[in-house]
Amino acid sequence: GMPVEQNPPALSLYEGADSGLRCNFSTTMKSVQWFQQNHRGRLITLFYLAQGTKENGRLKSTFNSKERYSTLHIKDAQLEDSGTYFCAAEAPNTDKVVFGTGTRLQVSP
Amino acid sequence: GPKVLQIPSHQIIDMGQMVTLNCDPVSNHLYFYWYKQILGQQMEFLVNFYNGKVMEKSKLFKDQFSVERPDGSYFTLKIQPTALEDSAVYFCASSNRGQGNTLYFGEGSRLIVV
């Protein structure tokens, strides 16, 4: 199967709502990054984690290598949060960074 | 933050012609990557490059593809000859493993093969 599975594939939220995205890994990964791809196609780095939890404003991400998952939590969703969110993970013994399939987020007023 | 520049931002090319996509990575970075994204789809790993050599490549990195970084200048992806299915946005990334393998991406080069 896919080394990085991401869900949900699509998500609709109203402004002010909270929600979470998840990536499951087929193996133990060394690190994970989360990106937002905006409507212009630009990739914005949100987080890099080798372990644990990081928080930045309304966003929080957790990476548990042993349990093979990472999450991205969005609090108080805003219109500008709309876009496609990707996780990308680095497997051990490789220099490859593999992307998940993405979650398309639409935030409505 | 650190910036990766990609040139051109978009290009239209006739099938069978050669194209070179250029990437100016973050200045102290030593690891370089190319990814391919067909509109609305997943980011697909193509290749990574370190110390003048390809480290790993995927099945998408066909024989018509090549990468190089001559004398610390642009990191380039060359496709020769191009095919219709090469139409996509190509993203370059660079990293410096001394700070964890955080990838910094350019804004992409949109290639349309007609």
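The values are calculated or read from the model by the stated rules, or taken from the named source; none is laboratory data. Since the model is a prediction, treat every value here as computed from it, not as a measurement. Counting neighbours? That spans all protein chains shown, and the Cβs are built from the backbone with ideal geometry, glycine included. SASA here: full protein model, heavy atoms, side chains in, ligands and nucleic acids out. Shrake-Rupley method; radii C 1.70, N 1.55, O 1.52, S 1.80 Å.
Per-residue shielding of A:22-33, expressed as the average number of other chain Cβ atoms within 10 Å of the residue Cβ, stands at 1.
Qualifying trypsin sites (Lys or Arg not before Pro) in the stretch A:1-86, where qualification requires a DSSP coil assignment and no more than 13 other C-beta atoms within 10 Å, comprise A:R40, A:R58, A:K66. In vacuo Debye scattering of the stretch A:4-108, one point per C-alpha: log10 I(q)/I(0) at q = 0.11 Å⁻¹? One equal scatterer on each Cα of the stretch A:4-108 leads to -0.30.
Taking every residue in A:38-49 and counting other chain Cβ atoms within 10 Å of its Cβ, the average works out to 4. Across A:A91, A:A77, A:A17, mean-square fluctuation computed from a Gaussian network of chain A (C-alpha pairs under 10 Å connected) peaks at A:A17.
Under a model in which nothing but the beta-carbon of Lys, Arg (+1) and Asp, Glu (-1) is charged, the stretch B:5-113 shows a dipole of about 240 debye around its Cα centre. May I ask for log10 I(q)/I(0) of the protein assembly as shown at q = 0.18 Å⁻¹, from a Debye sum over the Cα atoms as equal point scatterers with solvent left out? Taken in order of the listed q values, log10 I(q)/I(0) reads -1.34.
Placing unit charges on the Cβ atoms of the charged side chains and taking the dipole of the protein assembly as shown about its Cα centre, the candidate lying farthest along the positive direction among A:P109, B:V54, A:F86 is B:V54. Measuring against 24 Å, Cα to Cα, the residue pairs B:K3/B:K59; A:K54/B:K59; B:K53/B:K78; A:K96/B:K59; A:K60/B:K57 contain B:K3/B:K59; A:K54/B:K59; A:K60/B:K57 as the ones spanning a longer distance. What the Kirkwood sum gives for chain B is a hydrodynamic radius of 14.0 Å, with every pair of different alpha carbons counted. The share of C-alpha pairs in the stretch B:1-56 whose separation exceeds 16 Å stands at 59 percent.
Among B:K62, B:K78, B:K36, the residue with the largest mean-square fluctuation in a Gaussian network model of chain B, with springs joining Cα atoms closer than 10 Å, is B:K62.
For chain B, the relative contact order comes to 38 percent (Cα pairs under 8 Å, sequence separation of at least 6). Look at the alpha carbon pairs under 8 Å that are at least 6 residues apart: their mean separation over the length of the stretch A:4-108 gives a relative contact order of 38 percent.
Run the dipole for the stretch B:1-69 about the Cα centre, Lys and Arg Cβ at +1, Asp and Glu Cβ at -1, nothing else charged, and hand back the magnitude in debye, nearest 20. Mind showing how you got there, number by number?
Working: 7 positive and 6 negative charges, 31 e Å.
Result for the stretch B:1-69 is approximately 140 debye, rounded to the nearest 20.
Using heavy atoms of the protein chains and a probe of 1.4 Å, the accessible area assigned to B:V113 is about 10 Å². The mean number of Cβ atoms from other chains found within 10 Å of a Cβ in peptide A:101-109 is 1, as a whole number.
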